């Protein structure tokens with residue numbers, strides 16, 4: 001009986017901790033906005049292009065996720081820059097080092113959407129200040145300062 005219970009708990013814990021996928025992930029079905037005239041688009045694109053980062057091609061996706069999930073538009077790009085140098089060292093479409101770099105996403109664009117969703121809706125992250133969110137994302141004391149420094153490099157706070 002104890003063996004059966006512990007086996008069930010292990011299976012249950014494994015299912016709960018799955019990093020991505022499944023039908024519980026929302027999709028953004030609204031018509032895509034035209035971000036080409038948005039000054040944020042130009043700022044993100046220029047920031048990533050200066051360092052020849054692959055993430056430059058996802059400027060629109062970063063803005064869509066930020067707007068849809070009501071996140072600071074510089075947050076996801078900044079995390080991607082610190083974690084994978086804007087996609088240069090990303091594996092499995094994981095620009096964010098999500099799940100200690102083990103998460104696999106079907107595409108980088110879907111990874112942006114999934115991580116944006118999690119930061120906005122997960123009980124761990126939602127309703128937290130930026131400093132609290134960053135401390136939970138990575139508890140290294142210097143991490144939050146690195147992310148906020150990159151955010152300022154992308155554009156000053158508004």
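Quick notes on this one:
- The set of residues in segment 137-146 that are in a helix (DSSP H, G or I) and loosely packed, with under 13 Cβ neighbours inside 10 Å contains only 145.
- Remark: residue 118 falls outside the filter, which requires a residue to be surrounded by fewer than 22 Cβ atoms within 10 Å (Cβ to Cβ) and over 15 Å from residue 138 (Cβ atoms).
- Looking only at segment 102-136, residues that are outside any helix (DSSP H, G or I) and in contact with a helix residue (DSSP H, G or I) (Cβ under 8 Å, 6 or more places away or on another chain) come to 6 in all.
- For segment 56-98, a tally of residues being within 24 Å of residue 128 (Cβ to Cβ) and in contact with a helix residue (DSSP H, G or I) (Cβ under 9 Å, 6 or more places away or on another chain) returns 27.
- Every residue from segment 138-158 that is touching a helix residue (DSSP H, G or I) at 6+ places or on another chain (Cβ under 7 Å) and within 16 Å of residue 66 (Cβ to Cβ): 147, 150, 151, 154, 155
- Flag if residue 134 is crowded, with 20+ Cβ neighbours inside 10 Å and more than 18 Å from residue 55 (Cα to Cα): yes
Laboratory data are not the source of any read-out in this text; all were calculated from the coordinates shown. Given the structure is predicted, the values throughout are model-derived calculations rather than measurements. Positions of Cβ are generated from backbone atoms using ideal geometry, with glycine treated the same way; all protein chains shown enter the neighbour counts.
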